[in-house]
Amino acid sequence: MLGDALLEDILTVLPVPITRTEHSERGRMLFNLERWKHSIPYLESALRRNPDDPNTRYRLGSAQMRSGDTAAGIPNVESALDELPP
């Protein structure tokens, strides 16, 4: 797994995400790398641009809970689960 310093270096070299898709992709990439705190700003931005995306909302809630903010994470996960098909 990438160290935090290496990840910070990589993030500073990558172009700043502009589109909703780019924010979502960056957030998903960091989420998949288990970099919960790093993924949150990108997932929040992607969700602001597309508030009806349950997958992004679920990732955001999961990242929030895994980084210690369960009060913010639980409503996002519950909302996403309500929107996703069974």
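The values are calculated or read from the model by the stated rules, or taken from the named source; none is laboratory data. Here the structure is a predicted model, which means the values were calculated and not measured. For neighbour counting, all protein chains shown are included, and Cβ atoms are generated from backbone atoms with ideal geometry for every residue, glycine included. Only protein heavy atoms, including side chains, enter the accessible area calculation; ligands, DNA and RNA are left aside. Shrake-Rupley method; radii C 1.70, N 1.55, O 1.52, S 1.80 Å.
Tabulated data
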read-out: Matching residues in region 33-86 - criterion: being of a type in the set (Val, Ile, Thr) and either in a loop (DSSP other than H, G, I, E, B) or more than 25 Å from Thr19 (Cβ to Cβ) (or both); value: Thr70, Ile74, Val77
read-out: Any chance Pro41 is open to solvent by 40 Å² or more (accessible area, probe 1.4 Å) and over 17 Å from Arg28 (Cβ atoms); value: no
read-out: Residues satisfying the stated conditions in region 25-34, i.e. in contact with a helix residue (DSSP H, G or I) (Cβ under 7 Å, 6 or more places away or on another chain) and either free of Cβ contacts under 8 Å to residues at least 24 places away in the same chain or crowded, with 20+ Cβ neighbours inside 10 Å (or both); value: Arg26, Gly27, Leu30, Phe31
read-out: Count of region 46-86 residues which are more than 17 Å from Leu33 (Cα to Cα), open to solvent by less than 60 Å² (accessible area, probe 1.4 Å) and among the basic types (Lys, Arg); value: 1
